[in-house]
1. Determine if region 374-385 includes at least one residue that is surrounded by fewer than 18 Cβ atoms within 10 Å (Cβ to Cβ), over 22 Å from the mean Cα position of the chain (by Cα) and either more than 14 Å from Y25 (Cα to Cα) or within 16 Å of the ligand (Cβ to nearest atom) (or both).
2. From the list V175, V127, V145, which residue is buried (at least 24 other Cβ atoms within 10 Å of the Cβ) and either at negative phi or not assigned by TED's automatic domain parsing to the domain that holds R106 (or both)?
3. Scan region 52-60 and tell me whether some residue there is touching a residue at least 24 places away in the same chain (Cβ under 8 Å) and either of a type in the set (F, W, Y) or crowded, with 21+ Cβ neighbours inside 10 Å (or both).
4. Quickly run through region 226-264 and pick out the residues that are surrounded by 24 or more Cβ atoms within 10 Å (Cβ to Cβ) and within 16 Å of the ligand (Cβ to nearest atom).
5. Take T178 and decide whether it is within 12 Å of the ligand (Cβ to nearest atom), under 18 Å from the mean Cα position of the chain (by Cα) and within 19 Å of E371 (Cβ to Cβ).
6. Is at least one residue of region 108-123 surrounded by 21 or more Cβ atoms within 10 Å (Cβ to Cβ), under 21 Å from the mean Cα position of the chain (by Cα), away from the ligand (no atom under 16 Å from the Cβ) and touching a residue at least 60 places away in the same chain (Cβ under 8 Å)?
7. Looking only at residues in region 342-370 that are of a type in the set (D, E) and more than 16 Å from the ligand (Cβ to nearest atom), which one is surrounded by the most Cβ atoms within 10 Å (Cβ to Cβ)?
8. Would you please list the contacts, defined by Cβ atoms under 6 Å and residues six or more apart or on different chains, that run from a residue in region 1-18 that is farther than 16 Å from Q37 by Cβ to a residue that is at pLDDT 95 or above?
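The values are calculated or read from the model by the stated rules, or taken from the named source; none is laboratory data. These figures come from a predicted structure and were not determined experimentally. Ideal geometry is used to build each Cβ from the backbone, glycine not excepted, and the neighbour counts take in all protein chains shown.
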Amino acid sequence: MFNVKKIRKDFPILKRKVNKKPLIYLDNTATTQKPKQVIQSLVDFYSNYNANVHRGLHTLSEESSEAYEQAHAKVGNFIHAKFSKEIVFTRNTTESLNLLAYSLYRTHLSKGDEVLISQMEHHSNLVPWLYLSKKLGFKLNYIQVTPNGLLDLNSLQNLLTPKTKIVSLTHASNVLGTINPIQEIGKTVHDNNSLFIVDAAQSVPHFPVNVQKLNCDFLAFSGHKMLAPTGIGVLYGKEDLLNDLEPFLLGGDMISEVFFDSVTFNEVPWKFEAGTSNIGDGIALGTAVDYLSKLGMENVQKHEQELTQYAWNQMQDLEGIQLYGPKPKYRTGVISFNLKGIHPHDIASLMDQEGIAIRSGDHCAQPLMRELKISGSARASFYVYNTKQEIDRFIFVLKNTIQMFKKK
Ligand SMILES: Cc1ncc(COP(=O)(O)O)c(C=O)c1O
């Protein structure tokens, strides 16, 4: 049973007040709150077995190494990777995608090649490709977004050419909420002999993801968007591809042997984890994965879908509202919107006065904003601890905001 009342007790921050009102946290797409189990896991690490990994033979180092490796295995199981060595810990989705872009461009891309992304990408799956395309002279193409916020699969077919070496797409949009048919797209991409990368920052935290079923080559996500601390992220890659991939950062831990005139590299995943790792946060990510697994990702998805449908039903009829993206059936628990004649920052500020945290701005997707012909939007996003009562309060404040601006 998915018991929200019980879940909420695990999140100390939900007891606090903001502007003398109980906090209602609806900014989960940006980052999620942390349960006491994750916080305790950090306290436990630093209080009881803090030591560097892989180097020492002493007890603390053995304990931290074991816990850190176990965290890789937990994450691997969570996304159904074949082997835990297919899990590389990074800082976040952005670093995972930069690692891929910088490593792949040296071996897989030449002048005249093409990389295909989409118009709904977060800057972290756009800017690295854009920057490198200018430096190296490969072409960057964009799959279009349809007026109802879906990927235009016809434009995918037209844009895939023998020159397309890499296709990198978001699994779920952080603006539109759209869940893209990644498994189906992956087949088309592989039929074209292109590498397939998935930005899973907004999917792995919200619904079950099985990398073997998706058959993607690489997949990236962030711990902080799924109850874990900031500063820890994940790059999944198929073992043989990771073995062939050039290392990104060079130095300690990622080597096997070093001479004055040559170097060989460590096995995966350590080849990609240069320098002292973010050990405590990595272990805490394992705890977050335990927490979500216990809830069951199907249940997490169902809960979010119910909340999204509930909010959507009430929002769609509000005066002067513009909702972005597809109907709730095809989306995650994120709703971007604008109110006619009201700046999104004003909506967010008025919400904050009532203790409600939502986001406003371009959501790190400026090109998509231009496509939508807006400079920004307000955005409410839900997670495991949110309730229908909180949504009622959010709608109440939204209605008041509309009335207030009408009188002006
Ligand atoms: C779809 C998507 N990709 C990538 C990112 C970047 O995540 P991070 O800032 O944790 O690197 C985000 C963050 O909001 C996102 O929503």
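1. Yes, that holds for at least one residue.
2. Numbers: V127 fails: buried (at least 24 other Cβ atoms within 10 Å of the Cβ); V145 fails: buried (at least 24 other Cβ atoms within 10 Å of the Cβ).
The match here is V175.
3. Yes, there is a match, as at least one residue in region 52-60 is touching a residue at least 24 places away in the same chain (Cβ under 8 Å) and either of a type in the set (F, W, Y) or crowded, with 21+ Cβ neighbours inside 10 Å (or both).
4. If the condition is that a residue be surrounded by 24 or more Cβ atoms within 10 Å (Cβ to Cβ) and within 16 Å of the ligand (Cβ to nearest atom), then M226, L227, A228, I232, G233, V234, L235, Y236 are the ones that fit.
5. yes
6. yes
7. Keep residues of region 342-370 that are of a type in the set (D, E), which gives 346, 352, 354, 362.
With the extra rule that they be more than 16 Å from the ligand (Cβ to nearest atom), the set shrinks to 346, 352, 354.
Details: D346: 16, D352: 14, E354: 18.
The selected residue is E354.
8. Every condition considered, the pairs that remain are F2/N299; F2/H303; V4/T387; R16/L23; V18/G355.
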